[in-house]
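No value in this document is a laboratory result; all are computed from the given coordinates. For clarity, every value in this text was computed on a predicted model and none was experimentally measured. Neighbour counts are summed over all protein chains in view; Cβ atoms, including those assigned to glycine, are modelled from backbone coordinates with ideal geometry.
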Amino acid sequence: MTLGLSVVVPMFNEEEVVPLFVQRLRPELDALSHDGVSVTYEVVCVDDGSRDGTAELLFAAREEWPQLRLVRLLRNAGHQAALTAGLDSARAEYAVTIDADLQDPPEAIGQMYSMAVSDGLDVVYGVRSDRSSDTMVKRWTAHSYYRVMRRLSGPQLPDNAGDFRLVSRRVIHALSALPEHGRVYRLVIPWFGFPSGQVTYVRDRRAAGRTKYPLSRMVSLGLDSVTAFSAVPLRFATWAGMLGTGFALFAMGWALWGSFVGGTVPGWTSTVATLGLLAAVQLLCLGLLGEYVARIFVASQGRPTYLVGYDSLHHPHPALRHE
Ligand code: UDP
Ligand code: MG
């Protein structure tokens with residue numbers, strides 16, 4: 001019998017929320033089967049190399065909930081890689097990805113599923129109806145992110161759609177055929193262009209624990225997003241170079257005229273300003289180039305995005321074993 005729905009949950013050091021999450025998710029999934037319609041499901045929890053009690057709690061939860069499966073990664077691979085691991089191991093016709101911290105309401109899963117089945121959709125996005133629970137900084141960065149990325153990846157990118165979404169088996173196949181490293185799902189999936197729908201929801205505060213997305217991770221998600229979809233930043237160097245050349249020619253003419261005809265030109269300020277600006281622009285261009293080179297480098301290494309570890313709590317780590 002084929003499974004109806006896989007729920008994929010990436011978890012990194014989420015011991016505070018695991019019990020709450022399981023408690024709220026289970027009744028929702030059990031309620032999918034009603035009025036003689038039976039929807040079989042599985043929950044794929046990806047333990048993304050947690051160093052707290054997350055794994056213990058998941059092992060315990062699995063004892064009581066046979067549909068819960070555990071994929072333990074050897075070490076922390078990051079949110080998007082954990083999603084890859086979960087989707088690779090999902091077996092159902094449809095898969096919903098959801099955060100463990102209850103910011104995405106499990107109550108919306110049923111709506112996503114029935115919408116996909118009844119309307120024949122391959123993707124159903126969870127779209128945040130408002131961001132009042134977010135900080136100012138988060139709201140501002142998110143707004144700019146979606147605006148820039150819509151320009152780069154195409155108009156089909158829905159606003160405020162994070163990683164709470166349903167995808168069909170067809171989408172999962174398309175994803176696994178992408179050799180790309182550092183996939184950003186929220187961009188790649190709309191870019192495919194499968195028929196899609198939206199379910200709006202209010203994004204809650206984190207139920208417990210702390211965010212696993214510090215500013216540094218947000219910056220690298222942003223850089224991954226831009227470099228995956230556009231070579232425009234590379235053009236920036238060309239444009240800056242052309243502009244700079246024009247300006248330099250003008251300044252040279254002015255300086256020559258000054259020194260031959262109009263006496264000496266006072267130079268310290270202009271020299272420092274020009275040198276400083278040039279150095280900054282050059283470093284910026286070099287950095288941008290580096291981002292693309294790094295992408296090529298990572299792709300050419302071809303290392304796996306994640307490695308699955310052991311399905312046992314007390315399995316000794318091979319590197320630590322002494323005979
Ligand atoms: N997560 C993960 N690996 C990481 C970082 C985060 O699996 O390296 C998971 C995390 O446990 C959560 C989801 O990704 O289920 C979203 O993370 P978080 O809630 O911290 O991000 P935020 O909502 O603050 O953007
Ligand atoms: Mg969160």
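Structural remarks
- The value of relative contact order for the chain, using C-alpha pairs under 8 Å at least six residues apart, is 21 percent.
- Helix 54-64 vs. the chain, principal-axis angle (Cα, 0 to 90°, nearest 10): 30
- A cut-off of 5 Å between modelled amide H atoms, ignoring neighbours fewer than 5 places along the same chain, links residue 41 with 4, 5.
- Using the Karplus relation 6.51 cos²θ - 1.76 cosθ + 1.60 with θ = phi - 60°, the per-residue 3J(HN,Hα) values for the stretch 214-228 come to x, 3, 4, 6, 5, 5, 6, 5, x, 5, 4, 5, 5, 5, 6 Hz, with x marking Gly and Pro.
- Expected 222 nm ellipticity per residue - DSSP helices of 4 or more, -39500 (n - 2.57), all of the chain, to 500: -16500 deg cm²/dmol
- Candidates per GluC sites (Glu not before Pro) in the stretch 53-143, loop by DSSP, up to 13 other Cβ within 10 Å: 107
- Summing Cβ point charges (Lys, Arg +1; Asp, Glu -1) relative to the Cα centre of the chain gives a dipole of roughly 1180 debye.
- Each other residue within a Cβ distance under 11 Å of residue 131 adds +1 if Lys or Arg and -1 if Asp or Glu, for a net charge of +1.
- Highest-first arrangement of 271-278, 85-92, where packing means the average Cβ count within 10 Å: 85-92, 271-278
- The residue list 259, 171, 276 was ranked by how far each Cα lies along the charge dipole of the chain toward its positive end, using unit charges on Cβ atoms, and 259 comes out on top.
- The phi-based Karplus calculation (6.51 cos²θ - 1.76 cosθ + 1.60; θ = phi - 60°) puts the 3J(HN,Hα) values of the stretch 11-25 at 9, 10, 6, 10, 4, 5, 9, 3, x, 4, 5, 4, 4, 8, 6 Hz, whole numbers, x for Gly and Pro.
- Taking every alpha-carbon pair within the stretch 78-208, the share separated by more than 21 Å comes to 40 percent.
- Amide H to amide H distances under 5 Å link residue 309 with 72, 73, 74, where only residues 5 or more positions off or on other chains count and H is placed in the peptide plane.
- Scaled to the globular estimate 2.2 N^0.38 Å, the Cα spread of the chain, given as radius of gyration, is 1.27.
- Cα extents of the stretch 231-301 along the three principal axes, largest first (Å): 60, 19, 13
- For the chain, built as a Gaussian network whose Cα springs stay under 10 Å, the top-fluctuating residue of 184, 148, 171: 148
- Long-range HN-HN contacts of residue 53 with modeled amide H, under 5 Å: 15
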